[in-house]
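The values are calculated or read from the model by the stated rules, or taken from the named source; none is laboratory data. Computed from a predicted model, the values in this text were never measured in an experiment. Here the Cβ positions follow ideal geometry from the backbone for every residue, glycine too, while neighbour counts run over all protein chains shown.
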Amino acid sequence: MVTRLDTREETTMRMHDHRRLGRELGLFDTDPLIGAGLPYWLPDGAAVRHALEEYIRGAERRAGYRHVYSPVLGKRELYEISGHWSHYSDDMFPPMDLGGEQVVLRPSLCPHHALIYRSRGRSYRDLPLRMAELGGMYRSELSGVLGGLTRVRAIQLNDAHIFCTLDQVEEEAAAALAMIVRAYRALGIRPARYRLSLPGPGGKYVAGAELWRRSTDLLVGALSACGLDYEAVEGEAAFYGPKIDVQIADGAGRESTLSTVQVDFHQPERFDLHYVGPDGARHRPVMVHRSIIGSVERAVAHLIEVHGGAFPAWLAPTQLTVLPVSQAEVPRADGLLRRCAELGLRAEVAGPEHGSLGARVRAARLVPYHLVIGAREAAREEVAPRLRDGRRLDALPAAEMLARVRALVEAHSTDLWDDAAAPDDQGVRP
Ligand SMILES: [Zn+2]
């Protein structure tokens with residue numbers, strides 16, 4: 001389904017330039033001594049990024065992916081084999097001479113994953129083999145275009161490669177699209193459109209018209225299996241094959257690609273990948289490249305702009321602010337803070353030394369849950385909760401409040417509160 005942002009959303013996003021908000025909220029920053037396009041993440045930004053990365057790893061584990069780690073460097077020869085050197089070297093950092101060899105910062109994770117696949121004998125019983133990594137890659141962007149988290153030189157990519165038979169491609173691509181749809185729901189973001197990116201005239205593409213046609217048909221099949229409308233655009237394909245790009249739009253309506261699913265017959269050929277089929281003979285697998293949230297940098301930039309810093313609770317750097325009304329309730333607030341940490345919830349105490357209760361609530365306006373503890377609540381081991389959106393809930397036992405917040409966080413819900421959750425139903429909801 002193609003959804004367009006309405007005017008109100010665009011206005012909100014224009015107000016929330018991620019570069020300004022990132023600095024104001026203490027999420028990330030840069031230093032000229034580290035260099036342009038090389039932002040660092042402050043503790044609050046790192047908390048958002050960590051939650052996002054763990055969500056992705058969990059979703060991948062549940063979908064049958066296995067995670068690997070591979071180095072950010074490789075010999076120049078590796079990228080000559082993959083084709084990146086001839087198609088992509090303008091975007092790569094210059095090679096480093098190292099003891100008579102040349103090594104480069106990698107422009108993609110695909111060649112490393114192809115070698116990991118090749119490192120063991122593979123049988124048709126191993127397929128589809130789903131290999132995932134949240135790994136670093138590098139792009140030598142010109143300093144003039146760098147800014148914030150959207151144009152960076154060091155990229156953390158949510159990447160995966162599915163090695164499979166031709167018959168399995170459509171189902172694997174459809175499953176990847178379904179993961180993208182679920183992730184967008186949890187993140188509270190919407191695609192601007194699904195784009196089928198095809199080769200254009202005069203581009204640097206690898207040869208084989210028949211393979212391009214076949215790959216395109218498989219991607220179209222996956223899109224229709226998921227019931228997604230798309231627009232076909234020429235000239236946007238990868239050099240090795242067509243792809244589905246999930247486009248997002250910023251406040252000015254500028255589109256960029258966040259997620260992608262690609263079919264590749266080329267790299268399995270270049271790396272001479274094979275598996276032993278039921279007939280005992282060697283066969284060539286197909287490689288499906290897919291990314292659910294693309295680069296972590298671009299994903300977080302978009303999340304900052306869409307939510308204006310008021311992230312869904314599971315992503316929020318601080319999930320709960322505990323507000324003791326007076327000094328007498330501070331020990332109870334500190335106890336609650338320790339309990340939050342034990343439960344894996346990110347909380348802070350804003351005590352009376354930070355001003356009036358109203359001023360403290362305003363200062364914590366982006367925090368999803370405010371837990372007020374006055375004399376009455378302290379005596380009963382209760383809290384009086386207020387939600388970020390202004391709702392005030394009846395006082396309830398502190399343990400119940402934390403259990404209900406934890407259930408919403410673990411479900412990656414974008415709702416701040418579940419009115420239907422009963423006190424004795426505190427487990428993780430589906
Ligand atoms: Zn790839």
| request: Just one of (1) part of a helix (DSSP H, G or I); (2) touching a helix residue (DSSP H, G or I) at 6+ places or on another chain (Cβ under 7 Å) trips up W314, so point out which. | output: (1)
| task | For region 133-153, indicate whether the set of residues that are within 16 Å of the ligand (Cβ to nearest atom), assigned by TED's automatic domain parsing to the domain that holds E77 and assigned to a loop (DSSP other than H, G, I, E, B) is non-empty. | result | yes
| remark: Of the listed residues (P94, P107), the one being assigned to a loop (DSSP other than H, G, I, E, B) and within 13 Å of the ligand (Cβ to nearest atom) is P107
| message | Taking the condition of being in a helix (DSSP H, G or I) and crowded, with 17+ Cβ neighbours inside 10 Å, how many residues in region 338-347 meet it? | response | 1
| request: Return yes when R118 is within 16 Å of the ligand (Cβ to nearest atom), basic (K, R) and at negative phi and no when it is not. | output: yes
| message | Checking the condition touching a residue at least 40 places away in the same chain (Cβ under 8 Å), more than 27 Å from the chain's Cα centre (by Cα) and either within 16 Å of the ligand (Cβ to nearest atom) or buried (at least 24 other Cβ atoms within 10 Å of the Cβ) (or both), which residue from R270, R332 passes? | response | R270
| said: Please count how many residues of region 317-329 are buried (at least 20 other Cβ atoms within 10 Å of the Cβ) and assigned to a helix (DSSP H, G or I). | reply: 1
| task | Among the candidates G135, G148, single out the residue that is in contact with a Ser or Thr (Cβ under 8 Å, 6 or more places away or on another chain) and of a type in the set (G, A, S). | result | G135
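Condition check ((1) at pLDDT 95 or above; (2) of a type in the set (A, V, I, L, M); (3) crowded, with 16+ Cβ neighbours inside 10 Å) across all residues:
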position: G148; (1), (2), (3): no, no, yes
position: V152; (1), (2), (3): no, yes, yes
position: Y194; (1), (2), (3): yes, no, yes
position: V206; (1), (2), (3): no, yes, yes
position: A225; (1), (2), (3): no, yes, no
| request: Looking at (1) modelled with pLDDT under 95; (2) within 18 Å of A175 (Cβ to Cβ); (3) among the hydroxyl-bearing types (S, T, Y); (4) more than 16 Å from the ligand (Cβ to nearest atom), find the lone condition where T216 falls short. | output: (2)
| query | Based on what the data block shows, is I292 within 16 Å of the ligand (Cβ to nearest atom), β-branched (V, I, T) and either in contact with a Gly (Cβ under 6 Å, 6 or more places away or on another chain) or under 28 Å from V367 (Cα atoms) (or both)? | reply | yes
| Failed item, numbered, when I81 is tested on (1) within 16 Å of the ligand (Cβ to nearest atom); (2) touching a strand residue (DSSP E or B) at 6+ places or on another chain (Cβ under 7 Å) | (2)
| query | Within region 236-245, is even one residue farther than 18 Å from A160 by Cα and either in a strand (DSSP E or B) or of a type in the set (D, E, K, R) (or both)? | reply | yes
| note | The number of residues in region 159-174 that are touching a helix residue (DSSP H, G or I) at 6+ places or on another chain (Cβ under 9 Å) and away from the ligand (no atom under 16 Å from the Cβ) is 5
| query | Is there any pair linking a residue in region 13-41 that is in the same structural domain as D91 (by TED's automatic domain parsing) to one that is part of a loop (DSSP other than H, G, I, E, B) and among the small types (G, A, S), with Cβ under 6 Å and at least six apart or on different chains, and which? | reply | M13/G251; R14/G251; H16/G308; H18/G148; R19/G148; L21/G309; L25/G309
| query | What do you reckon, is I304 farther than 16 Å from E172 by Cβ, more than 16 Å from the ligand (Cβ to nearest atom) and among the β-branched types (V, I, T)? | reply | yes
| query | Scanning region 224-247 for residues that are touching an Asp or Glu at 6+ places or on another chain (Cβ under 8 Å) and of a type in the set (A, V, I, L, M), which turns out nearest to E171 (Cα to Cα)? | reply | A225
| field | Selection from region 348-374 of residues that are more than 17 Å from R386 (Cα to Cα) and either part of a loop (DSSP other than H, G, I, E, B) or under 28 Å from the mean Cα position of the chain (by Cα) (or both) | value | G355
| remark: Here the residues within region 289-317 that are within 27 Å of H113 (Cβ to Cβ) and more than 14 Å from the chain's Cα centre (by Cα) are H289
| request: For region 246-267, enumerate the residues that are assigned to a loop (DSSP other than H, G, I, E, B) and either within 16 Å of the ligand (Cβ to nearest atom) or out of contact with any Lys or Arg (no Cβ under 7 Å at 6 or more places or on another chain) (or both). | output: D250, G253, R254, F265
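Table: residues versus (1) at pLDDT 95 or above; (2) of a type in the set (A, V, I, L, M); (3) over 16 Å from D334 (Cβ atoms); (4) over 30 Å from the mean Cα position of the chain (by Cα).
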{"residue": "R346", "(1), (2), (3), (4)": "yes, no, no, no"}
{"residue": "P385", "(1), (2), (3), (4)": "yes, no, yes, yes"}
{"residue": "M401", "(1), (2), (3), (4)": "yes, yes, yes, no"}
{"residue": "R406", "(1), (2), (3), (4)": "yes, no, yes, no"}
